[in-house]
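Chemist: Structure incoming, see below.
The values are calculated or read from the model by the stated rules, or taken from the named source; none is laboratory data. The structure presented is a predicted model; accordingly, all values stated were derived computationally and were not measured. Positions of Cβ are generated from backbone atoms using ideal geometry, with glycine treated the same way; all protein chains shown enter the neighbour counts. Ligands, DNA and RNA are stripped out before the accessible areas are found, and what is left, the full protein with its side chains, is counted by its heavy atoms. Shrake-Rupley method; radii C 1.70, N 1.55, O 1.52, S 1.80 Å.
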Amino acid sequence: MLGRLDIRYDKCTGCKACQMACAINKEKQIWPEAARIKVVQIGLGPLDIPVACHQCSDHPCVAACPEKVKALSYDPESGVVLINEEKCLREQGLQCQRCFRACPGEAVSYHPKRGTPLFCDLCGGNPVCVTACGPQALSYNLDPCFESRHLNRNAYEIARELAVKVFGREEIK
Amino acid sequence: MGDYMKQLSLRILEIDLSENIIEVIELPHKWVREYIGGRGLGTRLLWERTKQGANPLTPEAEMYILTGPLTGVIPGGAHICLTFKSPLTGNTIGFSVTGAQWGPELKYAGYDGIILKGKSPKPVYLMIKDDVVELRDAGHLWGTTTWQTQQLIKEELKDSQFKVLAIGPAGENLVSFASIGQEQFRAAARCGSGTVWGSKGLKAVAVRGTNPVSTFDLPGVIKARGELEKLMLSNRTNHPRGYELVRYGNSISLTAHNDEGRLVNKNYREGYFEGISEVGGLKYDLRYFAKSRSCSGCPLGCMKLGIVRDGIFAGNVVCPDFDSTANIGPGCNISDLGSMVYLSRWADEQGLDATSLGNITGFAMECYEKGILSLEDLDGIKLEWGNTTAILELWRKIVKREGIGDILAKGVKCASQAIGKGSEKLAMHCKGVEFPGFVPQGGHKKGLQYAISDRGPCHHYGSTIDEQNQRVWADSLTVCSWQRRLVDPQIYMDLLQTTMGWDIELSEWDITAERMLLLARAYNIREGIIPEKDDVLPERVHTEPLTTGKKAGSVYPLEKFKADRLRWYKERGCDETGVPKIEHLEEFGLDFTIPVIKKFTQ
Ligand code: SF4
Ligand code: SF4
C-alpha cells in the first residue's frame, strides 16, 4: 500500500516546481498544463493552492465512472486509481466529466491534448512533486492512519480558510 | 534531436493597435543568437525598428515585451523584459523587468514575445489564449486599479488562471513614472512602462497557455534544468544569500544599508535614517509577515506576503521589498511600518513606480521645508516629513493630475524645472529618471552606476564590468538576478545549447554582454544623449556632505567621480568622453551603429 500526499498550504509559495516535475516525469515534456498536480492562485495575495489527488479511500471518482464504461478502477495493492484510457468516454470524443465532478477537491484534470483524465499514481511511492518542493509544502505521508479525505475540498474553500490562518484575521482587504 | 532551423526561430506576436492587426512574425536568427532575448534583443529591435527622434508616447513608438530562451523552462527563469524608449527621459532606452508567472505563460501559449505598436482609438486589452489572440474592449476597465483589472479580466474570461499585466489610473493619465503590474504586487515599474501603455490605449495583456515548450534537445534540456533545480534547492540553505531570501526576502537589507550609511533619507541629504529600527530588519517579519511567494519554478520564494495588523491601515494585505519601500519609508522619513508598507501597496494598485514616486515625494517635502513650495502651492497639503496622510493626499493628486499633482506627475526633473526657485538642485535624478534607494555620497559605487547606466539611475546596472555583464545577461536570458548570483554561468551555456541548439561557449559571455551594453549606449547617443554631459550626478552628491550615520562627512567628490567614470569608459571600450570607439564597435559586430557615432563625434 502506498502513502498519501500531505499538503501544508501555508508553506506553498506557488512556484509550481511540483507541477513541472510531474509533467516531466509523466509526459517527458516541459508542459505544466499536462501535470497531475496543479497549483492555482486565488484571492488576495494571491494565495497558492496545490490541487492534487488525496487518494480518498472510498474513491468517489471510480464510483462515478459509468457502470458500463468502468474506465477507472482502484488498485487494492497500491491504493491508487488506475485508468484504462481506451474505455474512457472522452477517448470517444464525449465530454464526460463525472470523475471531475465526483472529486471533492476537483483534483481530476484532463490532458490538454488527449483529453483523458489525469490520475496521480504517487510515482510508485517516490512522488517527484515532493522532491521538487523546496518550501516543503508537500510531503509523502506513509502513516496508514493518515486519511486526508476530509481535507480534500474545493481550492476556493481551502483558500478562504488559509487566508484566515496566514493573515490571522477574517477581514482582509 | 530537433530541427535546427525550426528551433532557432522565435515566434513574436506583432500587434498593431491602430489598425487592430495581429500577426505572428519571426525574428532573424542572427539577432537572436547575438542578442539572446529580453533586454539585449529588445535593444536591438529598438535600434532597428524605431525612427531616430521618435516621441516615446506617440503611436509610432514601440514596446517589446520579450521572454528569453530559458523562460518557462528553468526554475526561476520566469522574468520578462519590456524594452521601449523612455518617456521619463525622452531620449534614452527604457526597460523594465518583472517575474512571477506571466513570461512562462506566454511561452506555453506558444510565443516568445510581443511587439506593441500604434495607438488604439479606444481602450482595449489584449487577450492571448494559445492560438486565439484578440484585442478586446476595455472601456469598462478604464479607471480601475491594476488589482481590479486583473480580477475583472479573469472573471470576464472565466478562467482564474489567466496571467494579467495591467496598468492602473496612473498609466491611463500618462503619469511619467507609471508602472505595469501583475499578480497584485509584482510590477515592471521603472522608466514609465505604464505610461507607454496608457499612450497606446492598452489597459492590459492577459495570457493563458496550455502547450508544451518546444526545445532543440528535450532530454538534454530536462537533464540540464534538473541539475539547476537541484542546485537551487540546495541554495535554500547552503548559500547565505539564498538562505536570506528564503527566510526574510530582501527588504530586511534596509537596515544593513542604513548601517553602512547609504540608505536614502530626506531626499538624499542623509544616508542614515534614525527611524530604521521601526521599519527595518526583523520588524516586518515579526509583525506582519504571513507567507512567502515565488516566481515560476523558483524554490527560494523571496516575496514576503503579509498584512498590516495595527494602525489606520490594519487589514491591508501587503508585500514589500527593498525597492518598493526604501524611497517611500526612509526616503520620506516614515518611521511607521504599517504606513510604509501600505503606501508601497497603494503605488502598486494605482500603477505607479514606487521608487520614482517616493523620490519625487521626498523632493516635494524638501521643497516645502525650504519654503520653495508653499502651502498654497501644495493646495493646502501640509507636506511635512513622515506625514502619511499628506503623502496620500498628494499622491491622489498625482494620479488624477490635479494642481501640484500635475506638475509632479511629469517626473522630478521636469517638475523641478517647472517649480524653479532653485528646486532644480534638489531634484535627485540622472537623465530625468529618479534615483532609487541608495545615497551616492555614502556609496560611491552606487553613484557611478547611477550616472553611467543607460536607462537612468539604477543600482541593478552593476558597478564593475563583470557585474554589468552578469546583469545584462540575466535580463536577456530573462532569469532572476538573484538566481544569477547563485549560479555558475556555465550552467546557462549548457541550457542554451540544449534548449536552442546553439553552439555557444562561456567565452561568448563577456563579448555578448559588451555588444548589448554598447548598443544601448549607441542608441542613447543616436537619440540625443551626450555622454560626457549626461552621465553625471546632481551637484548635491558632490558638494553636500552627509551629517549623520557611518558615512557622516562624506560626499562623492566630483574629481573622484570623474576619475571613476573615466576608468569605466576606458574599460568599456569608449573614448574619454564616453563615446564607444569605432574599432570597438566593429569588433563587436555593431557596424550598423558606426555612421551614427561618426556623425556624433564630428
Ligand atoms: S513545489 Fe511546493 S511550494 Fe512550489 S507550488 Fe508545488 S507545493 Fe507549492
Ligand atoms: S529569488 Fe525571488 S525574484 Fe528571483 S525567481 Fe525566486 S522568487 Fe522570483
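Chemist: Restricting to Cα pairs below 8 Å that are 6+ residues apart, what does the relative contact order work out to for chain B? Please round to a whole percent.
Modeler: Reported relative contact order: 16 percent.
Chemist: Then there is this: Just tell me how shielded B:310-317 is by partners: mean number of partner chain Cβ atoms within 10 Å of each residue's Cβ, no decimals.
Modeler: Mean inter-chain Cβ contacts per residue within 10 Å come to 3.
Chemist: Can you list residues from other chains, or at least 5 along the same chain, whose modelled amide H is less than 5 Å from the amide H of B:Gly94?
Modeler: Amide H neighbours of B:Gly94, under 5 Å, 5+ apart: B:Phe84, B:Lys85, B:Ser86.
Chemist: Hey, another quick one. Take A:Leu122, A:Leu82 and sort them by solvent-accessible surface of the protein heavy atoms, 1.4 Å probe, largest at the top.
Modeler: If we order A:Leu122, A:Leu82 from most to least accessible, we get A:Leu82, A:Leu122.
Chemist: With θ set to phi - 60°, apply the Karplus curve 6.51 cos²θ - 1.76 cosθ + 1.60 along region B:535-546 and write out the HN-Hα couplings as whole Hz, x wherever there is a Gly or Pro.
Modeler: After applying 6.51 cos²θ - 1.76 cosθ + 1.60, I find 7, 10, 10, x, 4, 3, 4, 8, 10, 9, x, 5 Hz.
Chemist: Further question: Report the Cα centroid-to-centroid distance between region A:131-173 and region A:2-55 in angstrom, as an integer.
Modeler: A separation of 12 Å, based on Cα centres.
Chemist: Step through the residues of region B:200-205 one at a time and calculate ³J(HN,Hα) from phi using the Karplus curve (6.51 cos²θ - 1.76 cosθ + 1.60, θ = phi - 60°), rounding each to whole Hz and writing x for Gly and Pro.
Modeler: 3J(HN,Hα) across region B:200-205, in whole Hz: 9, x, 9, 8, 7, 10.
Chemist: How about region B:201-225: which of its residues lose at least 40 Å² of accessible area in the presence of all protein chains relative to their chain isolated, using a 1.4 Å probe?
Modeler: The answer is B:Thr210, B:Pro212, B:Leu218, B:Ile222, B:Arg225 - residues whose exposure falls by at least 40 Å² when every protein chain is included.
Chemist: Mind listing which trypsin sites (Lys or Arg not before Pro) in region B:273-305 are in a DSSP loop and have 11 or fewer other Cβ atoms within 10 Å?
Modeler: none
Chemist: Below 8 Å between Cα atoms, with a sequence gap of 6+, how large is the relative contact order for region A:4-167 in percent?
Modeler: 31
Chemist: Using DSSP loop states and a limit of at most 11 other Cβ atoms within 10 Å to flag GluC sites (Glu not before Pro), what is the longest stretch of chain A containing no flagged site?
Modeler: With GluC sites (Glu not before Pro) excluded where exposed in loops, chain A gives A:78-169 as its longest stretch.
Chemist: Can you pull out the buried accessible area for chains A and B, both sides counted, probe 1.4 Å, rounded to the nearest 100 Å²?
Modeler: So the buried area, both faces added, is about 3200 Å².
Chemist: Taking each residue of A:27-40 in turn, how many C-beta atoms of other protein chains fall within 10 Å of its C-beta, and what is the average?
Modeler: If you average over the peptide's residues, the count of other-chain Cβ atoms is 4.
Chemist: Which parts of region B:250-298, residue by residue, lose 50 Å² or more of accessible area when the rest of the protein chains are there, as against the chain isolated (1.4 Å probe)?
Modeler: B:Lys291, B:Arg293
Chemist: What ranking of B:Ile21, B:Ile525 comes out by heavy-atom accessible area, probe 1.4 Å, highest first?
Modeler: Ranked list, largest accessible area first: B:Ile21, B:Ile525.
Chemist: Rolling a 1.4 Å sphere over the protein heavy atoms, what is the accessible area per residue of region B:1-112, to the nearest Å²?
Modeler: Each residue of region B:1-112 exposes 30 Å² on average to a 1.4 Å probe.
Chemist: Let me ask something additional. Just the isolated ones, please: cysteines in chain A lacking another cysteine beta carbon under 4.7 angstrom.
Modeler: Singleton cysteines: A:Cys12, A:Cys15, A:Cys22, A:Cys56, A:Cys65, A:Cys88, A:Cys96, A:Cys103, A:Cys123, A:Cys133, A:Cys145.
Chemist: Hey, how many Å between the Cα centroid of region B:205-253 and the Cα centroid of region B:362-415?
Modeler: Taking the Cα centre of each part, region B:205-253 and region B:362-415 sit 42 Å apart.
Chemist: Taking only DSSP H segments of four or more residues, each worth -39500 (n - 2.57), what value at 222 nm results for the protein assembly as shown once the sum is divided by all its residues, to the nearest 500 deg cm²/dmol?
Modeler: -10500 deg cm²/dmol
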